[in-house]
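Student: The structure's right below; bear with me while I get my questions together.
The values are calculated or read from the model by the stated rules, or taken from the named source; none is laboratory data. Everything quoted here is computed from the prediction, not taken from an experiment. Glycine also receives a Cβ, built like all others from the backbone with ideal geometry; neighbour counts cover every protein chain displayed. Ligands, DNA and RNA are stripped out before the accessible areas are found, and what is left, the full protein with its side chains, is counted by its heavy atoms. Shrake-Rupley method; radii C 1.70, N 1.55, O 1.52, S 1.80 Å.
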There are 2 protein chains.
Amino acid sequence: MPREPHAPAEPRAPRADAQRNRDHLLAAAATLVTEQGTQASLRDVARRAGVGLGTLYRHFPTREDLLEALLGRRFEHLAARADTLAATEPAERALTDWLHEFTLDAGAYHGLPATLMATLSDPESALHALCLRMRQAGGRLLAAAQQEGVIRPDVTALDLFALANALSWITDQAPTLAERRDHLFRLVLDGLRPRP
Amino acid sequence: MPREPHAPAEPRAPRADAQRNRDHLLAAAATLVTEQGTQASLRDVARRAGVGLGTLYRHFPTREDLLEALLGRRFEHLAARADTLAATEPAERALTDWLHEFTLDAGAYHGLPATLMATLSDPESALHALCLRMRQAGGRLLAAAQQEGVIRPDVTALDLFALANALSWITDQAPTLAERRDHLFRLVLDGLRPRP
DNA sequence: ACCTGAACACCGTTCAAGT
DNA sequence: ACCTGAACACCGTTCAAGT
């Protein structure tokens, strides 16, 4: 039943050893990036995965490719959250809740806010598309809130992306300020509401 | 006339060659840090200064020491600006003008916002005292503005320092957003004003 | 197809040897 | 006192050689 002579070109299943190496690399990367941040040594990742350095580069040609694989699910989930919040919460609440969750995800690893922000100037980055989807998801919630007049009309989805990353960056850079995070978040968000 | 037998311990003048090396190091660092940011290679700095690598470490034991020497004058000037603004401008204007100038200085080199922000968790850094003076200068302007009721009372000098650095960081990280800088600045500052 | 690891060109930091 | 540069322990990235 398989082996159709002219079957439509299915994507070949990867060789078993290749798949296993990929899994080991991702597991090793998850550990090291959690411990040391987005700048963790790629040599260490390969070492911990029990794999040659070239194998890491074969599976993930750039550091961003590796991070994308690590972050994909998390941010897909976040994009979906935008739609559920839009459906269940008032526009302003949906926007602020979602932005708050975004700042948490953007701070998942040390150095991640900087990595995400750098994506804006680098369309080749494997994280570029991921960040674009985030801007679009945030943009939809933003438009709804602006429609209701609860957010200034001169705020763009890009502004939101930059500000939310900047807020994540503050606690990433100075853990001392972790306790001020929610307060700073509210201050900045307040600046986005129209002046009466 | 010199050579007083029991003259009070004057700080010995540095040897002429040492002084010359120091000057060359600072000139080289100024060029390379301007071109490549705060993470410029120290090897390159020594090379361009025409000096051995050990000589660089003798004069500037850490990268922060070098940056401090590079930034000292600039930020001293900025601290003085706080007092002149306080004396000549209304409190709110003085605060926003000064903060705006701070964001410009904090963005003088690539990577500088991150370097400055990191000093909060590192009291040993040569830049720690410099950043403290900035927080104090900003804090005085903040207190005056709060006294007049034009800025929320729950904003601290640390909040200001973090937010201003974060704004500098946005354009540092994504030059694309340079055109949005002043707009983002105003949005954030607006969030610091009391709600009516 | 896929994997390995040596090779290359860099780092930051230290320190024995020089003047 | 001060300077030098080799030495050490790391990087990221590439690529010839293997299975």
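Student: Hey, can you tell me all the residues within segment A:40-60 that are among the hydrophobic types (A, V, I, L, M, F, W, C), more than 7 Å from DNA strand C (Cβ to nearest atom) and farther than 17 Å from A:Pro14 by Cβ?
Tutor: A:Ala40, A:Leu42, A:Val45, A:Ala46
Student: Same structure, new question: Suppose the filter is closer than 26 Å to A:Phe185 by Cβ, open to solvent by 60 Å² or more (accessible area, probe 1.4 Å) and out of contact with any Phe, Trp or Tyr (no Cβ under 6 Å at 6 or more places or on another chain); does A:Thr115 pass it?
Tutor: No, not satisfied.
Student: Do you know which residues across segment A:49-67 are within 8 Å of DNA strand D (Cβ to nearest atom), of a type outside the set (A, V, I, L, M, F, W, C) and surrounded by 18 or more Cβ atoms within 10 Å (Cβ to Cβ)?
Tutor: A:Arg63, the sole residue that qualifies.
Student: Which condition does B:Gln36 not pass, out of (1) open to solvent by 80 Å² or more (accessible area, probe 1.4 Å); (2) without any contact (Cβ under 8 Å) to a residue 60 or more places away in the chain; (3) more than 14 Å from DNA strand D (Cβ to nearest atom), if it passes all the others?
Tutor: Evaluating B:Gln36 over (1) open to solvent by 80 Å² or more (accessible area, probe 1.4 Å); (2) without any contact (Cβ under 8 Å) to a residue 60 or more places away in the chain; (3) more than 14 Å from DNA strand D (Cβ to nearest atom) leaves (2) as the failure.
Student: Next question. B:Glu179: under 27 Å from B:Gln39 (Cβ atoms) and open to solvent by 30 Å² or more (accessible area, probe 1.4 Å), yes or no?
Tutor: Answer is yes for this residue.
Student: Do we find that B:Ala126 is more than 15 Å from B:Glu101 (Cα to Cα) and either facing another protein chain (nearest Cβ under 7 Å) or in contact (Cβ under 8 Å) with a residue 60 or more places away in the chain (or both) in this structure?
Tutor: The answer is yes for B:Ala126.
Student: Pick from segment B:146-163 the residues that are acidic (Asp, Glu) and within 13 Å of another protein chain (Cβ to nearest Cβ): which of them is surrounded by the fewest Cβ atoms within 10 Å (Cβ to Cβ)?
Tutor: Once the filter is applied, the top-ranked residue is B:Asp154.
Student: Looking only at residues in segment B:164-176 that are facing another protein chain (nearest Cβ under 7 Å) and open to solvent by less than 10 Å² (accessible area, probe 1.4 Å), which one is farthest from the chain's Cα centre (by Cα)?
Tutor: Ranking the candidates gives B:Ala174 first.
Student: Counting only residues that are more than 20 Å from the chain's Cα centre (by Cα) and in contact (Cβ under 8 Å) with a residue 12 or more places away in the chain, which one in segment B:183-194 is surrounded by the most Cβ atoms within 10 Å (Cβ to Cβ)?
Tutor: By that ranking, first place goes to B:Leu192.
Student: Which condition breaks for B:Tyr57 when tested against (1) farther than 23 Å from B:Arg181 by Cβ; (2) assigned by TED's automatic domain parsing to the domain that holds B:Ala145; (3) of a type in the set (Phe, Trp, Tyr)?
Tutor: Unmet for B:Tyr57, out of (1) farther than 23 Å from B:Arg181 by Cβ; (2) assigned by TED's automatic domain parsing to the domain that holds B:Ala145; (3) of a type in the set (Phe, Trp, Tyr): (2).
Student: Another question, then. Take residues that are modelled with pLDDT under 95 and tell me which of the helices (runs of 4 or more DSSP H) falling wholly in segment A:1-116 contain 1 or more.
Tutor: Fully inside segment A:1-116 and qualifying: A:16-36.
Student: If you go through segment A:165-180 one residue at a time, how many are touching a residue at least 40 places away in the same chain (Cβ under 8 Å) and farther than 10 Å from B:Ala162 by Cα?
Tutor: Going through segment A:165-180 one residue at a time, the tally reaches 3.
Student: May I ask you to say which residue of B:Ala46, B:Ala143 is open to solvent by less than 20 Å² (accessible area, probe 1.4 Å) and more than 17 Å from B:Ser168 (Cα to Cα)?
Tutor: Sole residue among the options that is open to solvent by less than 20 Å² (accessible area, probe 1.4 Å) and more than 17 Å from B:Ser168 (Cα to Cα): B:Ala46.
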